[in-house]
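Here the structure is laid out as structure tokens; the discussion comes afterwards.
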Amino acid sequence: WTKGVPVEVVPFAWKAVLKKLQALGSKDANLRMAIAKAGPVVTDNGNFLIDAPFGLIHDPAKLAKEIKLVTGVVEVGLFCNMAEIAYFGCEDGTVSIRTK
């Protein structure tokens, strides 16, 4: 996903969260803007989304924790340690399985 880590934020805090994400290393973090309407994308919960590209993330669990600790952040699109097994479909039609 080249757009970056999606971060859901409460609307009144998006500017402060954006600055903090940039300080954490996402220099190109930006508010996700809508395509078919004017203004930012609004989630089902009435919040905004920021896309924060960090490049190759060596420790996603640590980054997720750092982002979640930022005031105004509702959720982070890094889902660490939530699955015990993952199935990957390969180009040749086989399935690769990874377990914890």
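The values are calculated or read from the model by the stated rules, or taken from the named source; none is laboratory data. Please read all numbers here as calculations on a predicted model, not as lab measurements. All Cβ positions, glycine included, derive from the backbone under ideal geometry; neighbour counts span all protein chains shown. Remember, those area values only see protein heavy atoms, side chains included, never the ligands or the DNA or RNA. Shrake-Rupley method; radii C 1.70, N 1.55, O 1.52, S 1.80 Å.
Take a quick pass over the chain and tell me how many lysine pairs come in under 25 angstrom between Cα atoms, counting only ones 8 or more apart or on separate chains.
Counting lysine pairs in the chain gives 26.
Net charge near Asp28: determine it from the other residues with C-beta under 14 Å of the C-beta of Asp28, scoring Lys and Arg +1 and Asp and Glu -1.
Working: positive: Lys3, Lys19, Lys27, Arg32; negative: Asp51.
Charge balance in the 14 Å sphere: +3.
When a/c is below 1.5 the answer is rounded, else prolate if a/b is larger than b/c, else oblate, so apply that to the chain with a ≥ b ≥ c taken from the square roots of the Cα gyration tensor eigenvalues.
Working: a/c = 2.13, a/b = 1.62, b/c = 1.32.
Verdict is prolate for the chain.
Would you tally the net charge around Glu8, using a Cβ to Cβ cut-off of less than 12 Å, leaving Glu8 out, and scoring K and R as +1, D and E as -1?
Working: positive: Arg32, Lys68; negative: Asp44, Asp51, Glu75.
Overall, the nearby charge balance is -1.
Tally Lys/Arg at +1 and Asp/Glu at -1 over every other residue whose Cβ is under 13 Å from the Cβ of Met82; what's the total?
Values: positive: Lys100; negative: Glu75, Glu84.
Computed value for this residue: -1.
Name the long-range amide H neighbours of Glu75: under 5 Å, sequence gap of 5 or more, or other chain; modelled H, no Pro or chain starts.
Long-range HN contacts for Glu75: Glu8.
Accessible area per residue for the chain in Å², computed with a 1.4 Å probe and the full protein assembly in place, what is it?
Details: 7090 Å² over 100 residues.
Roughly 71 Å² per residue, with all protein chains present.
Loop sites only, by DSSP: take the chymotrypsin sites (Phe, Trp or Tyr not before Pro) in the chain that have at most 13 other C-beta atoms within 10 Å and name the longest stretch containing none of them. Could the numbers behind the result be given before it?
On the way: sites that count: Trp1, Phe79.
The reported range is 2-78.
Relative contact order for the stretch 14-95 using alpha-carbon pairs under 8 Å, separation at least 6, rounded to a whole percent?
On the way: 73 pairs, mean separation 18.9, N = 82.
Taking the mean separation of contacting Cα pairs over the length of the stretch 14-95, I get 23 percent.
Using a simple spin-label model with points 7 Å from Cα along the Cα→Cβ vector, what separation in nm is obtained for Ala86 and Phe12?
Placing both labels 7 Å along Cα→Cβ, they lie 3.8 nm apart.
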